[in-house]
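Trainee: Input: one structure, supplied below.
What follows is calculated from the coordinates using simple rules that are stated; it is not laboratory data. It should be emphasised that the depicted structure is a prediction, and the values quoted were computed from it without experimental measurement.
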Amino acid sequence: MKYLLIALTTTLALQAENWPMWRGAGGVGISNEKNLPLKWSTTENIAWKVALPYRGNSTPVIWGEKIFLTQPLEEEQERALICLDRLDGKVLWRRAVKYTATENSHRTNPYCSESPATDGERVVAVFGSAGVVCYDFAGKQLWQRDLGKIKFTWGSAASPVIHGNLVYIYRGPDPKSHLLALDKRTGKTVWQLKDPPVSIEGRTDGFRSNKSREWICSFSTPILVSTAKGVELVMNYPGSLAGIDPATGKRLWLCEGLNPLIYTSPIAGEGVVVGMGGFHGTTVAVKYGGRGNVTKNTLWRTVRTPNRLGSGVVHKGHVYVLNTNGIMECHDLKTGKVKFSERVRGRGAKQESWSSMILAGDRIYIPNQSGETIIIRANPKFELLGINALDNALTNSSLAASDGQLFLRTHKHLWCIGNRQ
């Protein structure tokens, strides 16, 4: 009977896709959904919306009939994980960690910007300096870890990643930034890996260089990629891309050439990973699965690219990215050649996008800060399929997709878009 239940659960998961982590399984923004909505508004094709107590930037994760969302509770000085019923958005439980110490963050980066992660049995939430907590699906705390204070003027945002029996957490930006693996069952540290060294005019402490006016920091969440040699963790570090053995924490390969300020996570697919620096930084593309220093094998590199906070996607030999200023770009994955560069929305702060895109079939979905979701065809010839507005519902979050529906967290609400088939 036990094996029958496991097989049945697996079948259901394949029929109704879960969204277990930020940017979905593997963290590359790919959804296998075939029937996601194309058109909606505040009065059309909305299953439900629920009010949220404070603004937040994290993205919900979904498993079966449960939604998990991190939430700052500013007045209470708490950082919470909320479990909601995906059928109607009803809050099933809320668990919070009290944290009263001062923690720096940018005004646009509320606490709890890290999205949670789940494996279908437990859910892990990272709360910046308040540590990491693991709960079961009923809200029972399984373990809690104090990982030390994050010391960076803009706060933190890297989300946890679960693979096998380990949960991976990037503790940065910080003067002592590092990637670590915890046993997901106990919370005990399995391995810890320091960031590769990066030097700008002698500065290696993770803060701004007064001489070069450069920031040395990464907000990247690591991703998982499959190679002929096995699964790798790939990380966007300040100054470099790197592949890591997920079991041991051994650094397998390193590709230099990125600038030291990193907002996005790696963009990967079809054997290639693309790292993009922030604030007019560099872009580097290299094949993953290598060994040692692979900088000489860089496929392409561009400098002084537009500002990018959101992560893109790879589809059929092309990489797509939306710059913060509303210009969508398509590049050839192997050469970096620009196939198109098109403005999809007007200028203005509320029409910038800090969100990361998702790909479903041949459609790319990406929100902007005014709560509009832009949909384009994943094709090297630009085709805008639609722009769906939610009445200036401000957001810096990314979409989650599950069972024919999209989920978008704005500063005031969590929206469930589309009707399940």
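Trainee: Given LYS39/LYS412; LYS34/LYS140; LYS250/LYS334, which pairs have Cα atoms separated by over 31 Å?
Mentor: Pairs exceeding the cut-off: LYS34/LYS140.
Trainee: Could you name the aspartates and glutamates in cross-link range of LYS90, using Cα to Cα under 17 Å and dropping any fewer than eight places away on the same chain?
Mentor: Here the aspartates and glutamates satisfying the reach criterion relative to LYS90 are GLU65.
Trainee: Per-residue HN-Hα couplings for the stretch 72-85, Karplus 6.51 cos²θ - 1.76 cosθ + 1.60 at θ = phi - 60°, whole Hz, x for Gly and Pro?
Mentor: Once rounded to whole Hz, the list reads x, 10, 5, 5, 7, 6, 10, 10, 10, 10, 10, 10, 10, 7.
Trainee: A further question on this structure: List the lysines whose Cα sits under 28 Å from the Cα of LYS337, skipping any in the same chain fewer than 8 residues away.
Mentor: Cα-Cα hits under 28 Å: LYS287, LYS296, LYS316, LYS381.
Trainee: I'd like the Karplus ³J(HN,Hα) series for the stretch 33-50: coefficients 6.51, -1.76, 1.60, θ = phi - 60°, whole numbers in Hz, and an x wherever there's a Gly or Pro.
Mentor: 5, 9, 10, 5, x, 9, 10, 6, 8, 5, 10, 9, 6, 10, 6, 6, 9, 10
Trainee: Where does the chain land at 222 nm, in deg cm²/dmol rounded to the nearest 500, when only DSSP H runs of n ≥ 4 count, each adding -39500 (n - 2.57), divided by all residues?
Mentor: -1000 deg cm²/dmol
Trainee: For the stretch 49-89 and the stretch 384-402, what is the separation of their C-alpha centers, rounded to whole Å?
Mentor: When both Cα centres are located, 17 Å separates them.
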